1. Between Leu107 and Cys81, how high is the FRET efficiency from 1/(1 + (r/R0)^6) when r is the Cβ-Cβ distance and R₀ = 25 Å? Nearest 0.05.
2. Please order Ser126, Ser73 by the number of other Cβ within 10 Å, starting at the fewest.
3. In what sequence, highest mean first, do 131-137, 104-110 appear when ranked by Cβ atoms within 10 angstrom?
Amino acid sequence: MLASELVVGDIVLLQAGDRVPADSILIEEMDMNVNQQYYFPDDSVHTVKQCSTGENHFENPDPILLAGSLIMSGSGKAVVCCVGSKTLRETELTKDEMKIGEEETPLMSKLSKLATVIGKWAYLCSAVAFTGFTLFFFMNILFGS
């Protein structure tokens, strides 16, 4: 589902490498660490997010996921609270401060490295195959019956 198709009340599934599509509240999580540097540039460490239940609310009252934050590890489910122009990113940040999408996520960098390696091997295999077929063709012409 695209971020533009979300409405308030939708449940989104999040896992490592995803960007949070809208302001949300965690309802289920498993070892979730979130990078919120777009909102808190002074924080260099990842924020641990946990669901807020009756037992742990006072120890960890931070179940809020802000739009554009990057899930660094873990997974979970969240209920969408704000979409579009009502998100914190849209209401609080100026156009110059919004740089989401310009940075490469860790998953994107790993995929680009993998694509480079696969591309180089594909060129090598095609060159070897072309050379082999060319030699076979000339040998068939010279020594064939």
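What follows is calculated from the coordinates using simple rules that are stated; it is not laboratory data. Given the structure is predicted, the values throughout are model-derived calculations rather than measurements. So basically every Cβ, Gly included, is an ideal-geometry build from the backbone, and we count neighbours across all protein chains shown.
1. 0.45
2. Placing the least packed residue first, the sequence is Ser126, Ser73.
3. 104-110, 131-137
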